[in-house]
Structures are given as C-alpha cells and as structure tokens.
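What follows is one structure encoded as structure tokens, with my remarks underneath.
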C-alpha cells in the first residue's frame with residue numbers, strides 16, 4: 001500500500017498547502033480519498049485525471065470534497081471521457097458539490113454510491129470499514145484493509161473511544177490534529193489535538209502516525225513533537241508530496 005499526500009491543511013488552502021487530499025494505491029488501483037480544496041492540481045503533479053479508479057469521501061465539508069467538481073469536469077468534458085468514476089460518500093454529503101453544475105452536465109462522469117457510517121463494503125482491492133465519528137456533520141472514520149496492510153483515517157472528528165478501535169493495529173494511522181494542545185471550547189466535541197492523536201495512536205497500537213488537517217499557520221514540527229511524546233513511534237505531518245508505504 002502506498003499513500004501520497006496531496007494536501008493536509010485544515011479549513012482552507014494556503015499558498016503552499018492544499019486541503020485534505022490523499023491518493024492511496026494498492027495492486028495497481030488508485031483510490032482518491034477526500035479531494036478537498038486545491039487537491040486536484042497536486043494530483044495532476046502525479047497522475048492524469050483518468051488514472052483515478054475511485055473516490056472515497058469521509059464527510060461533506062468542502063475542504064474534504066470541493067475538488068471533486070473540477071475532477072469530474074476534467075474527466076466528463078474531455079474529448080475522450082474515461083468510464084464513469086465510482087464515488088463513495090455518506091448519504092447527502094456530496095449534494096452541494098454535485099449541485100455546482102446542472103445535473104445533466106456531469107451525469108455520465110460518475111456513479112454515486114452512498115453509505116451510512118458503520119457500513120462495510122469493497123472498493124477495488126480495498127475492504128472498507130467505516131465508523132461514525134463526532135463532527136459538525138456526519139463523518140465516517142475509514143479503515144482501508146488489504147491482504148498486506150491497513151490504513152486508518154479519521155476524517156474530521158472530535159474525541160471518541162471509537163478512534164483507537166478504528167485504528168487498532170493499523171500500519172498507518174492518518175489522524176486529524178487541527179490544534180496542538182487544546183481545541184477552543186465551542187469546537188472541542190468536534191475536533192482533535194495533536195496530543196490526542198498521539199494518545200489514540202498509542203492506544204490503538206498503530207505502527208505509524210501521520211497528522212493532518214492542521215489549522216493554517218500551525219507549526220508542523222511542534223505538532224509532530226507533541227504527538228510523538230504520547231505515541232512513542234514515528235510521526236509525520238501530511239505535507240504535500242509526502243509518500244508513505246506502510247505495507248507493500
């Protein structure tokens with residue numbers, strides 16, 4: 001399994017960092033996870049748009065799905081359109097982004113498969129397990145399993161005992177860490193800190209931790225060091241073009 005980070009900035013993109021966007025590859029299959037703001041240009045540094053085999057979205061906030069629209073435009077409006085792209089998302093999560101164009105314009109460019117967090121299904125060579133994790137909107141924590149490894153991803157979430165269950169024994173745990181030490185009171189039920197991400201990774205027995213969704217302007221090194229204090233193993237931050245191969 002191979003993870004390529006396209007972006008990992010929380011809320012909005014910066015001049016040097018796209019929002020959430022991750023390409024997960026295994027056995028020749030390319031799964032695009034959470035195509036947030038500005039992630040498509042980063043994808044195009046690595047592959048053409050027709051190289052994506054499926055898209056999986058954790059929740060409907062635009063910093064996790066907005067670039068699905070230009071991805072579908074680039075595929076559906078090309079001179080030689082590729083086959084319809086399978087797109088998986090919680091029920092209703094993509095209503096807004098899919099409504100950006102008239103329905104008939106991109107209808108042939110995708111096949112939407114909606115699920116309820118808690119469902120289990122297959123995407124190509126991946127067995128996908130999902131869990132409902134607390135956020136401002138319904139959010140699916142995602143566990144991608146292959147015969148050779150497991151990647152767990154929180155999407156955006158607040159504190160939950162289900163997080164270490166989601167990441168139990170994972171070869172790679174991709175965890176949101178919007179803040180470093182403390183989440184502001186009003187948002188505390190819906191977001192994590194780097195400290196909590198490290199704690200959950202340690203409880204899960206994950207082999208490697210990658211922090212993502214850091215608030216714009218957050219120092220990555222500080223977030224990494226704080227998480228490592230609790231985790232005690234390798235910690236990285238989801239910066240553009242980071243490549244991690246937790247299992248092959």
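Please list, ordered by first then second residue, the pairs with beta carbon atoms under 6 Å, 6 or more apart or interchain, first in the range 224-238 and at negative phi and touching a residue at least 60 places away in the same chain (Cβ under 8 Å), second crowded, with 18+ Cβ neighbours inside 10 Å and assigned to a helix (DSSP H, G or I).
Matching pairs, first to second residue: 237/224.
Those residues that are in a loop (DSSP other than H, G, I, E, B), within 15 Å of residue 103 (Cα to Cα) and touching a helix residue (DSSP H, G or I) at 6+ places or on another chain (Cβ under 7 Å), I need them from the range 60-86; list them, please.
The answer is 84, and nothing else.
Being farther than 20 Å from residue 128 by Cα, out of contact with any strand residue (DSSP E or B) (no Cβ under 7 Å at 6 or more places or on another chain) and surrounded by 20 or more Cβ atoms within 10 Å (Cβ to Cβ) is the filter here; which residues of the range 50-66 pass it? Full working, then the answer.
Within the range 50-66, the subset farther than 20 Å from residue 128 by Cα is 50-51, 61-63, 66.
Right, trim to out of contact with any strand residue (DSSP E or B) (no Cβ under 7 Å at 6 or more places or on another chain) and you get 50, 61-62, 66.
Correct list: 61, 66.
Is it the case that residue 218 is part of a loop (DSSP other than H, G, I, E, B), surrounded by fewer than 24 Cβ atoms within 10 Å (Cβ to Cβ) and either under 19 Å from the mean Cα position of the chain (by Cα) or in contact (Cβ under 8 Å) with a residue 24 or more places away in the chain (or both)?
Numbers: part of a loop (DSSP other than H, G, I, E, B): yes; surrounded by fewer than 24 Cβ atoms within 10 Å (Cβ to Cβ): yes; either under 19 Å from the mean Cα position of the chain (by Cα) or in contact (Cβ under 8 Å) with a residue 24 or more places away in the chain (or both): yes.
In short, yes.
Given the residues 197, 170, 228, which is the only one that is closer than 28 Å to residue 43 by Cα, part of a helix (DSSP H, G or I) and modelled with pLDDT of 95 or more? So that I can check it myself, show each step before the final result.
Numbers: 170 fails: part of a helix (DSSP H, G or I); 228 fails: closer than 28 Å to residue 43 by Cα.
So the residue among 197, 170, 228 that is closer than 28 Å to residue 43 by Cα, part of a helix (DSSP H, G or I) and modelled with pLDDT of 95 or more is 197.
Just give me the residues in the range 14-43 being outside any strand (DSSP E or B), touching a helix residue (DSSP H, G or I) at 6+ places or on another chain (Cβ under 8 Å) and either closer than 13 Å to residue 56 by Cβ or free of Cβ contacts under 8 Å to residues at least 40 places away in the same chain (or both), in sequence order. Walk me through how you get there before you give the answer.
Looking only at the range 14-43, we keep the residues that are outside any strand (DSSP E or B), and these are 14-18, 20, 27-28, 34-43.
In the following step, the residues that additionally are touching a helix residue (DSSP H, G or I) at 6+ places or on another chain (Cβ under 8 Å) were identified as 18, 20, 34-37, 40, 43.
Passing the criteria: 20, 34, 35, 36, 37, 40, 43.
Residue 89 - would you say it is crowded, with 19+ Cβ neighbours inside 10 Å and within 21 Å of the chain's Cα centre (by Cα)?
Details: crowded, with 19+ Cβ neighbours inside 10 Å: yes; within 21 Å of the chain's Cα centre (by Cα): yes.
For residue 89, the condition - crowded, with 19+ Cβ neighbours inside 10 Å and within 21 Å of the chain's Cα centre (by Cα) - is met.
When only residues in the range 96-111 that are surrounded by 15 or more Cβ atoms within 10 Å (Cβ to Cβ) and in contact with a strand residue (DSSP E or B) (Cβ under 9 Å, 6 or more places away or on another chain) count, which is farthest from residue 65 (Cα to Cα)?
Within the range 96-111, the match that is farthest from residue 65 (Cα to Cα) is 109.
Does the range 107-129 include one or more residues that are in contact (Cβ under 8 Å) with a residue 12 or more places away in the chain, closer than 29 Å to residue 214 by Cα and in contact with a helix residue (DSSP H, G or I) (Cβ under 7 Å, 6 or more places away or on another chain)?
Within the range 107-129 (the criterion being in contact (Cβ under 8 Å) with a residue 12 or more places away in the chain, closer than 29 Å to residue 214 by Cα and in contact with a helix residue (DSSP H, G or I) (Cβ under 7 Å, 6 or more places away or on another chain)), the answer is no, since none of the residues qualifies.
Being under 14 Å from the mean Cα position of the chain (by Cα), touching a residue at least 60 places away in the same chain (Cβ under 8 Å) and farther than 19 Å from residue 53 by Cβ is true for just one of 140, 152. Which residue is that? Break it down stepwise before answering.
Details: 152 fails: touching a residue at least 60 places away in the same chain (Cβ under 8 Å).
Going through 140, 152 in turn, the sole match is 140.
I'd like the full set of residues that are under 15 Å from residue 19 (Cβ atoms) and out of contact with any strand residue (DSSP E or B) (no Cβ under 9 Å at 6 or more places or on another chain), limited to the range 200-230.
The answer is 217, and nothing else.
Just checking, does the range 136-158 include any residue being part of a helix (DSSP H, G or I), surrounded by fewer than 21 Cβ atoms within 10 Å (Cβ to Cβ) and modelled with pLDDT under 95? Lay out the reasoning, then the answer.
Going through the range 136-158, the residues part of a helix (DSSP H, G or I) turn out to be none.
The answer is no; no qualifying residue exists.
The values are calculated or read from the model by the stated rules, or taken from the named source; none is laboratory data. Note that the structure is predicted; figures quoted are calculated from it, not measured. No Cβ is skipped: glycine too gets one built from the backbone with ideal geometry, and neighbour counts run over all protein chains shown.
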